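To start, the structure under review is shown below, and the notes come after it.
The values are calculated or read from the model by the stated rules, or taken from the named source; none is laboratory data. Here the structure is a predicted model, which means the values were calculated and not measured. Glycine gets a Cβ as well: all are built from the backbone with ideal geometry, and neighbour counts include every protein chain shown. Quick note on the areas: whole protein, heavy atoms, side chains included, nothing else; ligands and nucleic acids left out. Shrake-Rupley method; radii C 1.70, N 1.55, O 1.52, S 1.80 Å.
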Amino acid sequence: MTSSRPTDLMIKCMASFVEDGDYVYHGLDSALPVLAMVYAARYLRRDFTWHSVAEPFTPDPSRVVLRPSTGDPSLEPESLGFLTTIDAFDVAAKGRMDLMFFGAAQVDEEGNINLTAIGSYERPKVKLPGGAATAYLFPLVRKIVVWARHERRVLVPRVDFVTGSGRARIERGLKHYLCTNRALIEFTREGPVLRAVLSGFTIDDVLQGSSMRIIVPGHVDTITPLSDEELRVIEQADPEGLRYEEGYG
């Protein structure tokens, strides 16, 4: 049984950015990044350092089973040891954090993300959980992959509040991507560029589902459905299908 569900295609998309030798980190509420790291380790056979806000250091990917909280240390068993979140910030400050995944309530044309407030900061329509160390980490991590819903209220010309500065990343020449439940987008000095569409969607679907201006190049890839083996790797780490509860499809 193969899968072309957007949630599974997002996991495949996010995993493609894990390279051999990378130091990879994720924070709280990160079901898709956890499964992307499992996929990268077990299906793509990437050799990388796994670290997370739960603090186990390099767990056994074959033993990882998704739980309702990605801050649960038992999610990542058989680790070599434990490394605190504060230590992770030091790793980033030294330029040794290669890849991090960030969720976002809003993303704009410069790659800025909002995890703080919808509306004005002083009188918000919605008060969001906040960015924790997002502002600190955004200019430091070599590659960032943001994941978000492909909706006009999410992909906007300008975020209501800049929690993480995409402009700072672009000015520093750091890699910055957005994986949605329709597409993969790269942020560049010229603006957001469409790099791939998820199987089942068209370029028009991508453009019409966004209020952000998106540049369409001459060639756009397609993220293909998962094979039986690919899906089996993900389902072994998420037997209860918790990944689908996030509503990406």
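Annotations
- Val146 long-range amide H proximity, modeled H, under 5 Å: Phe102, Tyr177, Leu178, Cys179
- Scalar couplings 3J(HN,Hα) for the stretch 107-112, obtained by applying the Karplus form with A = 6.51, B = -1.76, C = 1.60 to θ = phi - 60°, are 9, 10, 5, 8, x, 5 Hz; x denotes Gly and Pro.
- For the set Lys175, Lys127, solvent exposure ranked by accessible area (probe 1.4 Å, protein chains only) runs largest to smallest as Lys127, Lys175.
- More than 29 angstrom apart: percent of Cα pairs within the chain: 25
- Whole-percent carbon and sulfur share, accessible surface of the stretch 1-102, 1.4 Å: 50
- At a probe radius of 1.4 angstrom, the accessible area of the stretch 147-249 per residue rounds to 48 square angstrom.
- The stretch 115-199, accessible surface, carbon-and-sulfur percent (1.4 angstrom probe): 50
- Distance from the stretch 169-220 to the stretch 75-96 (C-alpha centre basis), Å: 31
- Loop GluC sites (Glu not before Pro), the stretch 58-142, which have at most 16 other Cβ atoms in a 10 Å radius of their Cβ (DSSP): Glu78, Glu122
- Relative contact order (%) - criterion: Cα under 8 Å, at least six apart; region: the stretch 1-121: 24
- Its Cα gyration tensor gives the stretch 39-187 an equivalent ellipsoid; the semi-axes, largest first and in whole Å, are 28, 17, 16.
- Extending 7 Å from Cα along the Cβ direction at His219 and again at Arg152 yields two label points whose distance is 3.3 nm.
- Trypsin sites (Lys or Arg not before Pro) within the stretch 40-102: DSSP coil, no more than 15 neighbouring Cβ in 10 Å: Arg45, Lys94, Arg96
- Full extension of the chain segment joining Thr85 with Thr2 gains 26.2 nm, where the gain is 0.36 nm per residue of separation less the Cα-Cα distance.
- Beta bridge orientation in the stretch 162-249: antiparallel %, DSSP, nearest 5: 70
- Across every direction, the projection of the convex hull enclosing the Cα atoms of the stretch 29-103 has a mean area of 4.8 nm².
- Reachable lysines from Lys143, criterion Cα separation under 17 angstrom, eight or more residues apart if same chain: Lys12, Lys94, Lys175
- Most to least packed among 143-151, 19-27 [average Cβ atoms within 10 Å]: 143-151, 19-27
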